[in-house]
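Have a look at the structure below, then the notes.
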Amino acid sequence: MAKPCLLLQLRPERAAADDEYYAILRAGELEARDVVRVQMDQRMPDIDLDDFSAVVVGGGPSNVSSPDGEKYDYQKRFEPGLKTLITEIVDRDFPYLGACYGLSILADVLGAKVTDERYGETAGAQTIELTDEAREDALLRGIPQSFRAFVGHKEACQDVPPGAVLLAGSADCPVQMIRVGQRVYATQFHPELDGNGLALRIEVYRHAGYFDPDEADYLIALGHREAVTAPSRILRRFVIRYCQD
């Protein structure tokens, strides 16, 4: 039987954290028994990668680029240990899929510039374009060259991280997906997210600075009109390749 996948979450808002967890189960076609869920705002345990088949790091309100004095207390607690873990993941080329913050923390470990200077995107769908390098990638082979995906972030990679291969970008954010080695992946977009999940996050983070609060209902309506299917296929392929026998 395959080892479980490790899901590391950093959302202190329980509704958003639970929805992210169940969305990853649905998109990955996983059962609860297949995933060990760690809510890092509550605790960051010692982790032995040999106990797991892969690691998934989700998104949340934390920003890698925030000055220490502006970081959440729970972020100050979990981030040093998470950086150590991701350094080991990169060194071992251990299966990893990071989304949003999961990209930022990987890029930071690689020595990239992650800031809120440019390339932030409001909550909603963006058109993602695959690069030539994506055509032969195991997770992206056969995925449409252009597809819609849900995003929402304040900070972003300002350039492709050192040692990474750029797999996808968008008009407003040039680093949307990268691969490091052969098995370490990260996306700026949320591969687990559908229109209902976007609506919940818009409500939860209405006053968190991602968008004008008065635009929340409009953004929710736009999200429900979107056909977003390719991102979940990418997540499912990661699960099939690394989380199952």
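Residue check: R33 meets all listed conditions (1) surrounded by fewer than 15 Cβ atoms within 10 Å (Cβ to Cβ); (2) without any contact (Cβ under 8 Å) to a residue 24 or more places away in the chain but one, namely (2). Flag not set for R11, criterion: modelled with pLDDT of 95 or more, within 15 Å of Y185 (Cα to Cα) and among the basic types (K, R). Tally time: how many residues in the range 9-28 are of a type in the set (D, E) and in contact with a helix residue (DSSP H, G or I) (Cβ under 6 Å, 6 or more places away or on another chain)? Number satisfying all stated conditions: 2.
For beta carbons closer than 8 Å, sequence separation of 6+ or different chains, a first residue in the range 100-117 that is under 20 Å from V151 (Cα atoms) and a second that is of a type in the set (D, E), the qualifying pairs are S104/E155; I105/E79; K113/D159; V114/D108; V114/E155; T115/E155; D116/E155.
Being at pLDDT 95 or above and either more than 24 Å from A16 (Cα to Cα) or crowded, with 17+ Cβ neighbours inside 10 Å (or both) is the requirement here; does D68 meet it?
No: the conditions fail for D68.
Taking every residue in the range 191-216 that is within 23 Å of L103 (Cα to Cα) and pairing it with any residue that is in a helix (DSSP H, G or I) and among the polar types (S, T, N, Q), at least 6 positions away or on another chain, the pairs with Cβ-Cβ distances below 8 Å are P191/S232; E192/S232; D194/S232.
For R43, the conditions (1) part of a loop (DSSP other than H, G, I, E, B); (2) under 16 Å from G197 (Cα atoms) are fulfilled apart from (2).
Among the residues of the range 93-112, those identified as over 20 Å from V35 (Cα atoms), touching a helix residue (DSSP H, G or I) at 6+ places or on another chain (Cβ under 8 Å) and either of a type in the set (G, A, S) or surrounded by fewer than 22 Cβ atoms within 10 Å (Cβ to Cβ) (or both) are D108, V109, L110. Residues that are under 21 Å from C157 (Cβ atoms) and among the hydroxyl-bearing types (S, T, Y) within the range 29-75 comprise S62, S65, S66, listed in sequence order. Pairing each residue of the range 232-244 that is more than 18 Å from P4 (Cβ to Cβ) and surrounded by fewer than 19 Cβ atoms within 10 Å (Cβ to Cβ) with any residue that is at pLDDT 95 or above and not acidic (D, E), provided the two are 6+ apart or on different chains, yields C-beta distances under 8 Å for R233/I143. A count restricted to the range 195-235 and to residues that are of a type outside the set (S, T, Y), at pLDDT 95 or above, closer than 26 Å to L166 by Cβ and not in a helix (DSSP H, G or I) stands at 2.
The values are calculated or read from the model by the stated rules, or taken from the named source; none is laboratory data. In this text the structure is predicted, and so the values were computed from the model without any measurement. Backbone-built Cβ (ideal geometry, glycine too); neighbour counts: all protein chains shown.
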